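**Student:** Before we start, here is the structure in question, set down as structure tokens.
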Amino acid sequence: MAIKIYIDQGHGPTVNAGAEGFGLYEQDITYMVGAYLSDILGSDYRFVARTSRASIDNDIGFNNSSSLRIRVEDANSWPADYFISIHCNANVNPAINGTEAYVYASYSPAYYLGDAIVNEIVRRTGTKNNGVFVRPSLYVLRYTTMPSVLVELAYISNYSDSAKLAYDQYQFAYGIYVGLLNYLNLPQL
């Protein structure tokens, strides 16, 4: 039976659109990386994927709290085996950069999945490895019923990272895929 992966493409065009930097919009990047990841997983018979957003101009809910609740309810009712929420980070200090992941608890299945994903994104894109952080207050990590990872691909507010977010979207998606394979101890096809 196929492993079910829920891909949450963070934010939306008008409902909590997310961060902006260097002419890029977080919601556009998260949509595209999620779409690539869905296609990659769809070509691997071991997986079935579902995305939170049907199109780049698709909004979920009418405000931030309803948007988060709908994403979590969709993943839980499917039910997904793993939940991967895709985001871009930002900081007022433009020097801050790198890839990181957030999980509900240390040394959990999600923690090790997050670590595998971050390591592979860093290997493929050359971003800085910022590691895995515990953030139990994040709604999508707290209320999902499966191992859940929020991946911050890179900092949209950093010039070098933003260029990678603009031009290496497929590599970010493939990094998430290979990180998932590494975590599950599955070979690449």
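The values are calculated or read from the model by the stated rules, or taken from the named source; none is laboratory data. Quick caveat: nothing in here was measured; it's all calculated off a predicted structure. Here the Cβ positions follow ideal geometry from the backbone for every residue, glycine too, while neighbour counts run over all protein chains shown. Only protein heavy atoms, including side chains, enter the accessible area calculation; ligands, DNA and RNA are left aside. Shrake-Rupley method; radii C 1.70, N 1.55, O 1.52, S 1.80 Å.
**Student:** Anything in segment 33-45 that is touching a helix residue (DSSP H, G or I) at 6+ places or on another chain (Cβ under 9 Å) and open to solvent by 60 Å² or more (accessible area, probe 1.4 Å)? List them, or say none.
**Tutor:** Hits for segment 33-45 are TYR36, ASP39.
**Student:** Can you tell which of LEU165, LEU68, LEU141, LEU153 is assigned to a strand (DSSP E or B) and either of a type outside the set (S, T, N, Q) or at pLDDT below 95 (or both)?
**Tutor:** LEU153
**Student:** OK, next. Considering only segment 80-104, how many residues are open to solvent by less than 30 Å² (accessible area, probe 1.4 Å) and charged (D, E, K, R)?
**Tutor:** Final tally of qualifying residues: 1.
**Student:** From the list SER77, SER67, SER52, which residue is more than 19 Å from ILE121 (Cα to Cα) and surrounded by fewer than 18 Cβ atoms within 10 Å (Cβ to Cβ)?
**Tutor:** SER77 is the lone residue from the list that is more than 19 Å from ILE121 (Cα to Cα) and surrounded by fewer than 18 Cβ atoms within 10 Å (Cβ to Cβ).
**Student:** Here are some residues: ALA54, ALA75, ALA49, ALA95. Which one is more than 19 Å from TYR143 (Cα to Cα), in contact (Cβ under 8 Å) with a residue 12 or more places away in the chain and not in a strand (DSSP E or B)?
**Tutor:** On inspection, the qualifying residue turns out to be ALA95.
**Student:** Just need a number here: residues in segment 2-34 that are among the small types (Gly, Ala, Ser) and under 9 Å from CYS88 (Cβ atoms).
**Tutor:** Total satisfying the criteria: 4.
**Student:** Continuing with this model, one more query. Among the residues of segment 105-112, is there at least one that is at pLDDT 95 or above, exposed (fewer than 15 other Cβ atoms within 10 Å of the Cβ) and in contact with a helix residue (DSSP H, G or I) (Cβ under 6 Å, 6 or more places away or on another chain)?
**Tutor:** No: segment 105-112 contains no residue that is at pLDDT 95 or above, exposed (fewer than 15 other Cβ atoms within 10 Å of the Cβ) and in contact with a helix residue (DSSP H, G or I) (Cβ under 6 Å, 6 or more places away or on another chain).
**Student:** Can you list residue pairs whose Cβ atoms sit under 7 Å apart, with the first residue in segment 2-16 being over 12 Å from PRO147 (Cα atoms) and among the charged types (D, E, K, R) and the second being in a strand (DSSP E or B) and open to solvent by less than 10 Å² (accessible area, probe 1.4 Å)? Count only pairs 6 or more apart in sequence or on different chains.
**Tutor:** Qualifying pairs under 7 Å: ASP8/PHE83; ASP8/ILE84; ASP8/SER85; ASP8/ILE86.
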